[in-house]
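Taking it in order: structure first as structure tokens, then the write-up.
The values are calculated or read from the model by the stated rules, or taken from the named source; none is laboratory data. Fair warning: this is a prediction, and the values are worked out from it, not measured in the lab. Ideal geometry is used to build each Cβ from the backbone, glycine not excepted, and the neighbour counts take in all protein chains shown.
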Amino acid sequence: MVKLMRPADEEALSVRERVLLLCVASNTNWLHAGVPGETVTAMIVKGLITPDGEDLALTDRGRAVVQAMLPDL
């Protein structure tokens with residue numbers, strides 16, 4: 001069973017996972033950033049992103065993690 005992440009768990013994310021979250025949040029091409037597809041799958045399983053047609057979108061939990069990563073925004 002996958003453990004649901006709280007926004008305070010952003011420290012538990014790998015660098016690739018953090019880059020992916022920031023790419024999705026800023027609508028940047030995550031492939032050009034060098035994020036592998038396995039990271040996308042892991043983040044979907046963790047419930048932080050979701051497929052949105054041909055793109056990816058942040059879930060509410062993913063948005064909360066991004067806000068926790070960037071508290072001054």
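Out of the residues in region 50-73 meeting the condition of being in contact (Cβ under 8 Å) with a residue 24 or more places away in the chain, in contact with a Leu (Cβ under 8 Å, 6 or more places away or on another chain) and not aliphatic (A, V, I, L, M), tell me which one is nearest to THR39 (Cα to Cα). Only one residue tops the list, namely GLY62.
The residue pairs whose first member lies in region 1-29 and is surrounded by fewer than 10 Cβ atoms within 10 Å (Cβ to Cβ) and of a type in the set (A, V, I, L, M, F, W, C), whose second member is at pLDDT 90 or above and not in a loop (DSSP other than H, G, I, E, B), and whose beta carbons are closer than 7 Å, counting only pairs six or more residues apart or on different chains, are VAL2/VAL45. The number of residues in region 30-49 being free of Cβ contacts under 8 Å to residues at least 24 places away in the same chain and either out of contact with any Leu (no Cβ under 7 Å at 6 or more places or on another chain) or closer than 12 Å to ARG18 by Cβ (or both) comes to 10.
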